[in-house]
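Read the structure below first, then the notes.
The values are calculated or read from the model by the stated rules, or taken from the named source; none is laboratory data. All values reported here derive from a predicted model rather than from experimental measurement. Glycine also receives a Cβ, built like all others from the backbone with ideal geometry; neighbour counts cover every protein chain displayed.
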Amino acid sequence: MTASEILLAAAHAALLVVSLILIRIDIDQHRLPDAIVLTSAIGLAATLGLVAALAGDSAPLGRAAIGGLALFGLYLLLGLAVPAGLGGGDVKLAALLGMLLAWHGWTELALGAITAFIVGGAHAAALLATGRVSRDAHIAFGPWMIFGAWAGLLA
């Protein structure tokens, strides 16, 4: 393995740990702390920059930047359109996950983003259908965003 591959693998491992922490917090407290999300986004951007420099290939880095901004923008628009539907933490998490997914490719970004909505929506529909929640319930979406991102990477 090259140094860039080792560094990229380490970034994925770190993001897996962060993912598990964020899932737990969002389920328990319905929040995604800026201290974790923003620090992770900055760390990922710096790491991807170093990986690109070591590999001598800046194309994935540019794609990651565009993907992070694109997913952030999509979630920002959704959050503004339906303020009760998405929180600010979800919007910021979208930037982090968009960077990660787009680094690997546009297909991964699309699959990760779509999977979050499909699986999260199915979960919410099941909770509503079984009477476990009412229509005005707040359901954490961060875990589904994270699930979708990892599914997009693994698909």
Among the candidates GLY98, GLY120, GLY88, single out the residue that is without any contact (Cβ under 8 Å) to a residue 12 or more places away in the chain and within 18 Å of ILE23 (Cα to Cα). GLY88
Would a scan of region 81-91 turn up a residue that is within 11 Å of the chain's Cα centre (by Cα), of a type outside the set (Val, Ile, Thr), crowded, with 18+ Cβ neighbours inside 10 Å and within 22 Å of GLY152 (Cα to Cα)? yes
I need every pair where a residue in region 12-25 that is assigned to a helix (DSSP H, G or I) has its Cβ under 7 Å from the Cβ of a residue that is of a type in the set (S, T, N, Q), sequence separation at least 6 or different chains. LEU15/SER40; VAL18/SER40
Of the residues in region 104-126, those that are of a type in the set (A, V, I, L, M), out of contact with any Phe, Trp or Tyr (no Cβ under 6 Å at 6 or more places or on another chain), modelled with pLDDT of 95 or more and surrounded by 14 or more Cβ atoms within 10 Å (Cβ to Cβ) come to LEU109, ALA110, LEU111, ALA113
In this structure, is ALA129 surrounded by fewer than 17 Cβ atoms within 10 Å (Cβ to Cβ) and over 18 Å from the mean Cα position of the chain (by Cα)? yes
Name the residues in region 10-63 that are of a type in the set (Asp, Glu) and within 14 Å of the chain's Cα centre (by Cα), would you? ASP26, ASP34
Could you say which residue among ALA53, ALA35, ALA46 is touching a helix residue (DSSP H, G or I) at 6+ places or on another chain (Cβ under 9 Å) and in a helix (DSSP H, G or I)? ALA53
Using beta carbons and a limit of 7 Å, which pairs, at least six apart or on different chains, have the first residue in region 56-73 and charged (D, E, K, R) and the second one modelled with pLDDT of 95 or more? ARG63/ALA102; ARG63/TRP103
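Here is a yes/no grid of residues against (1) farther than 19 Å from ALA41 by Cα; (2) not hydrophobic (A, V, I, L, M, F, W, C):
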position: GLY79; (1), (2): yes, yes
position: VAL82; (1), (2): yes, no
position: ALA95; (1), (2): no, no
position: LEU101; (1), (2): no, no
position: GLU108; (1), (2): no, yes
position: ALA126; (1), (2): yes, no
position: ALA129; (1), (2): yes, no
position: HIS138; (1), (2): yes, yes
position: ALA149; (1), (2): no, no
